[in-house]
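The structure appears right after this line, and notes come after that.
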Amino acid sequence: AAFLILLKYMYSDEIDLEADTVLATLYAAKKYIVPALAKACVNFLETSLEAKNACVLLSQSRLFEEPELTQRCWEVIDAQAEMALRSEGFCEIDWQTLEIIVTREALNAKEAVVFEAVLNWAEAECKRQGLPVTARNKRHVLGPALYLVRIPTMSLEEFANGAAQSDVLTLEETHSIFLWYTAANKPPLSFPLTKRKGLAPQRCHRFQSSAYRSNQWRYRGRCDSIQFAVDRRVFVAGLGLYGSSAGKAEYSVKIELKRLGLVLAQKRTRFVSDGSSSTFPVWFEHPVQVEQDTFYTASAVLDGSELSYFGQEGMTEVQCGKVTFQFQCSSDSTNGTGVQGGQIPELIFYA
């Protein structure tokens with residue numbers, strides 16, 4: 001099928017790509033030195049790239065020596081690490097790619113999730129090699145990759161409920177790690193001891209000042225909403241919100257991110273504000289990939305009778321590092337928030 005796509009392109013200049021055959025087509029285009037078709041394949045892969053296929057595409061992009069695609073894969077894997085590690089695609093990668101991912105300093109994931117993913121990969125690898133799926137064989141196929149997981153950076157509870165009961169560690173290793181957590185005189189360990197740096201979230205602040213008046217701006221369970229677009233792909237991780245202007249107060253909150261009316265992420269939670277004009281972060285379960293030059297809608301519904309701070313002197317365009325945000329009013333907004341003033345002062349994102 002891939003070779004027919006190659007021939008069709010060479011004879012008629014038509015490029016007809018599909019998700020099932022694009023990798024094989026890229027292989028053919030590289031093999032027969034057809035750079036225009038290879039570039040079209042890479043562009044196709046970049047646009048279809050998401051957390052569930054990022055690890056597989058990373059291994060392929062390394063194989064095909066496509067540095068731009070590799071870089072794009074890393075952007076997705078770093079920002080949406082837990083989704084990428086839990087995907088079926090992660091279990092399909094080769095050992096070298098596993099090693100590179102587990103070594104990665106910028107992975108935005110809990111170490112317990114990394115360990116769980118490594119075990120899932122080991123189970124799949126045992127099946128590929130025709131070995132019985134036993135703890136001993138999982139350890140065998142992992143080899144030195146097991147010692148790249150930063151087990152000591154888990155909480156004691158995560159370790160006790162997960163890795164300690166996996167049977168992949170020896171009794172001696174399990175005993176040493178428990179001692180490492182609890183004893184004053186810590187034993188030496190074969191696992192890395194420092195936490196991953198992860199990614200530092202950036203904040204796009206859209207107001208130049210904040211204020212409060214004695215009779216203005218309550219959160220009353222109505223929707224505050226704003227539309228935004230970016231000039232390069234980012235991952236929106238949450239919203240920064242204002243709290244009470246009348247001392248300490250607790251709010252229940254629902255935040256939402258939509259594109260063309262479709263809900264991409266939603267989170268219900270509670271937060272306590274301390275009465276200051278600071279913003280309070282509310283995070284989505286997982287960062288959401290936001291494409292360039294498309295408008296998205298960020299919404300917040302807060303319930304709490306206290307008067308709240310609100311933003312003033314809003315900007316239609318904000319430059320944050322290499323990313324430019326554009327803002328426009330949203331028809332979903334029923335509590336008065338717009339570009340010039342109101343709520344949702346911050347978008348929290350990775351880029």
* In nanometres, what is the gap between the two model label sites at residue 16 and residue 103, each 7 Å from Cα along Cα-to-Cβ? -> 4.3 nm
* About its Cα centre, what dipole magnitude does the chain give when the only charges are +1 on Lys and Arg Cβ and -1 on Asp and Glu Cβ, stated in debye to the nearest 20? -> 640 debye
* Asked: So for the pair residue 147, residue 128, with labels modelled 7 Å out along Cα→Cβ, what separation do we get in nm?
  -> 2.3 nm
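Probe of 1.4 angstrom, ligands and nucleic acids ignored: what's the accessible area per residue over the chain, in square angstrom?
49 Å²
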* Projected area, mean over directions - the stretch 49-199, Cα convex hull, nm² -> 8.8 nm²
* To do: Note down the magnitude of the dipole of the stretch 188-342 about its Cα centre, charges +1 on Lys and Arg C-beta and -1 on Asp and Glu C-beta and zero elsewhere, to the nearest 20 debye.
  => 420 debye
* Asked: Could you work out Rg/(2.2 N^0.38 Å) for the stretch 202-350, with Rg from alpha carbons only?
  -> 0.95
* Alpha-carbon centroid distance for the pair the stretch 215-277 / the stretch 134-166, whole angstrom -> 38 Å
* Structure fact -> Rounded to two decimals, the Debye log10 I(q)/I(0) of the stretch 1-121 (Cα scatterers, no solvent) at q = 0.12 Å⁻¹ is -0.45
* Per the Kirkwood formula on distinct C-alpha pairs, the Rh of the stretch 96-135 is how many angstrom? -> 11.1 Å
* Structure fact -> Under the 7 Å Cα-to-Cβ spin-label approximation, residue 205 and residue 65 lie apart by a distance in nanometres of 4.7 nm
* Measure of size requested: the Rg and Dmax of the stretch 273-351, with Cα atoms as the atom set and Å as the unit; please supply both. => 13.5, 39
* **residue 34 - accessible surface, heavy atoms, 1.4 Å probe, Å² rounded to 10** => 20 Å²
* Between residue 3 and residue 95, what length in nm is gained on full extension when 0.36 nm per residue of separation is reduced by their alpha carbon distance? -> 30.3 nm
* **Carbon/sulfur fraction of accessible area - the chain, other protein chains in place, 1.4 Å, %** => 50 percent
* Taking the Cα centre of the stretch 63-181 as the origin and placing charges on Cβ (Lys, Arg +1; Asp, Glu -1), which of 179, 151, 106 is farthest toward the positive end of the dipole? -> 179
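Compute the Rg to Rh ratio over the stretch 1-70 from the alpha carbon atoms, using the Kirkwood formula for Rh, and round to two decimal places. Walk me through the numbers before you get to the answer.
Values: Rg = 11.4 Å, Rh = 12.0 Å.
Dividing the radius of gyration by the Kirkwood radius yields 0.95.
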* Asked: Under a GNM of the chain (C-alpha, springs under 10 Å), which listed residue has the highest mean-square fluctuation: 92, 157, 250?
  -> 157
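Tell me the volume per residue, in Å³, of the convex hull enclosing the alpha carbons of the chain.
Hull volume normalised by residue count: 166 Å³.
The values are calculated or read from the model by the stated rules, or taken from the named source; none is laboratory data. As the structure is a prediction and not an experimental result, all values here were calculated from the model. Neighbour counts are summed over all protein chains in view; Cβ atoms, including those assigned to glycine, are modelled from backbone coordinates with ideal geometry. The area values use the complete protein model at the heavy-atom level, side chains included, leaving out ligands, DNA and RNA. Shrake-Rupley method; radii C 1.70, N 1.55, O 1.52, S 1.80 Å.
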